[in-house]
1. Determine the pairs where a residue that is closer than 13 Å to P75 by Cα, located within region 145-161, has a partner that is open to solvent by less than 10 Å² (accessible area, probe 1.4 Å) and part of a loop (DSSP other than H, G, I, E, B) with Cβ atoms under 8 Å apart, the partner being 6 or more residues away or on another chain.
2. What about S187, is it polar (S, T, N, Q) and either within 16 Å of the ligand (Cβ to nearest atom) or open to solvent by less than 10 Å² (accessible area, probe 1.4 Å) (or both)?
3. Can you report the number of residues in region 140-174 which are β-branched (V, I, T) and open to solvent by 30 Å² or more (accessible area, probe 1.4 Å)?
4. Scanning for something modelled with pLDDT under 90, away from the ligand (no atom under 14 Å from the Cβ) and not small (G, A, S), does region 168-179 turn up at least one residue?
5. State whether one or more residues within region 200-222 are out of contact with any Asp or Glu (no Cβ under 7 Å at 6 or more places or on another chain), assigned to a helix (DSSP H, G or I), open to solvent by 20 Å² or more (accessible area, probe 1.4 Å) and over 19 Å from M94 (Cα atoms).
6. Only one residue in E26, E8, E19 is of a type in the set (D, E), more than 16 Å from the ligand (Cβ to nearest atom) and open to solvent by 20 Å² or more (accessible area, probe 1.4 Å). Which one?
Amino acid sequence: PTSMHIEELCASIVRSHRETSQYHVEEVQALRWKIFRREEIHAYQSKSVDEMWQLCAVRLTDAVQYVVEFAKRIPGFRQLGQNDQIALLKSGSMEVVLVRMSRMFNTENSTVFFDGKFAGSELFKSLACGDFIAAVFDFAHSICALRLTEQQVALFSALVLINADRPCLEDRDRVLRVRKDMELALSLILHRDNQESLQHKLYQKITALKSLCALHIEKLRWFRQLYPLTVHSLFPPLYKELFGSDTDIQAMVTL
Ligand code: 4D8
């Protein structure tokens, strides 16, 4: 690939990221004063475990849908086989949601934009997975500490998604070729920003993302055992297909 080609690739991925972010950085800044009041936090904390899980599953699926749209606009993604597109989204969409969460995170008071206002980790108490929520908040802090630009977030997200090491890929070589372009694009951006030292730090974050997502799946298994009917009849189909163990892919095929 020529450097011109990589320039265009960068521009295209940055555009895709911008077009598939529900909120733009300036809008998020303007929303920072919106914080849940004590009574509102109490109302979330008083929800039953299954009620709060359902709400989070719905909110999370919403965020995932934007990530799917982002993936589709990554040059080369749509040219992969359908099964490989699904395999990449199954393992990568939650990771990208967690990367995107850092854009909606306020490090000053450790709150995240959720359900219309900024919420601290205590708001998620009724999920009964405090260790997972704490780890997610820690991760958001650590990404925010890198002070990434929107361009860097865009390229890093693409790199997280296009991963040739994911299980069940049919045409690993093809994914690898797309991957190589993403790596070049990220290097180009970091070089241009004079921030080459970020490269190593970003690759380290990928390890943390992987364990967070494994923990999410583990929590879902635990929840499904306790509330199989809630998962079966009230969770969004896309959520079940992405994170559940079943191999049924109806909602994914129609993405
Ligand atoms: O732009 O789509 O509005 C988190 C979910 C973010 C999970 C969402 C969530 C986001 C993970 C709801 C539940 C990150 C934004 C809002 C909803 C990502 C936790 C908080 C998006 C960025 C902030 C703002 C709970 C949006 C981790 C885990 C899920 C369970 C089902 C228990």
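1. Hits for this filter: A158/I74; L161/I74; L161/F77.
2. Details: polar (S, T, N, Q): yes; either within 16 Å of the ligand (Cβ to nearest atom) or open to solvent by less than 10 Å² (accessible area, probe 1.4 Å) (or both): no.
When the stated conditions are applied, S187 does not pass them.
3. To start, the set of residues in region 140-174 that are β-branched (V, I, T) comprises 143, 149, 153, 160, 162.
Now restrict to residues that are open to solvent by 30 Å² or more (accessible area, probe 1.4 Å): 149.
Adding up the residues that qualify gives 1.
4. Step one: filter region 168-179 for residues modelled with pLDDT under 90, giving 168.
Pick out the ones that are also away from the ligand (no atom under 14 Å from the Cβ) and you get 168.
Add one more test, that the residue is not small (G, A, S), and what stays is 168.
Taking every residue of region 168-179 in turn, at least one turns out to be modelled with pLDDT under 90, away from the ligand (no atom under 14 Å from the Cβ) and not small (G, A, S).
5. Here is the first cut: in region 200-222, the ones out of contact with any Asp or Glu (no Cβ under 7 Å at 6 or more places or on another chain) are 200-208, 210-212, 214-222.
Now narrow it down to the ones that are assigned to a helix (DSSP H, G or I): 200-208, 210-212, 214-222.
Filter again for open to solvent by 20 Å² or more (accessible area, probe 1.4 Å), leaving 200-201, 203-208, 210-211, 214-215, 217-219, 221-222.
Right, trim to over 19 Å from M94 (Cα atoms) and you get 200-201.
Checking region 200-222: at least one residue is out of contact with any Asp or Glu (no Cβ under 7 Å at 6 or more places or on another chain), assigned to a helix (DSSP H, G or I), open to solvent by 20 Å² or more (accessible area, probe 1.4 Å) and over 19 Å from M94 (Cα atoms).
6. Values: E26 fails: more than 16 Å from the ligand (Cβ to nearest atom); E19 fails: more than 16 Å from the ligand (Cβ to nearest atom).
Residue meeting the stated conditions: E8.
The values are calculated or read from the model by the stated rules, or taken from the named source; none is laboratory data. Keep in mind it's a predicted model, so treat the numbers as computed, not measured. Cβ sites come from the backbone with ideal geometry, for glycine too, and all protein chains shown count toward neighbours. For the accessible areas, the whole protein counts, side chains as well, though only heavy atoms, and no ligand, DNA or RNA atoms are used. Shrake-Rupley method; radii C 1.70, N 1.55, O 1.52, S 1.80 Å.
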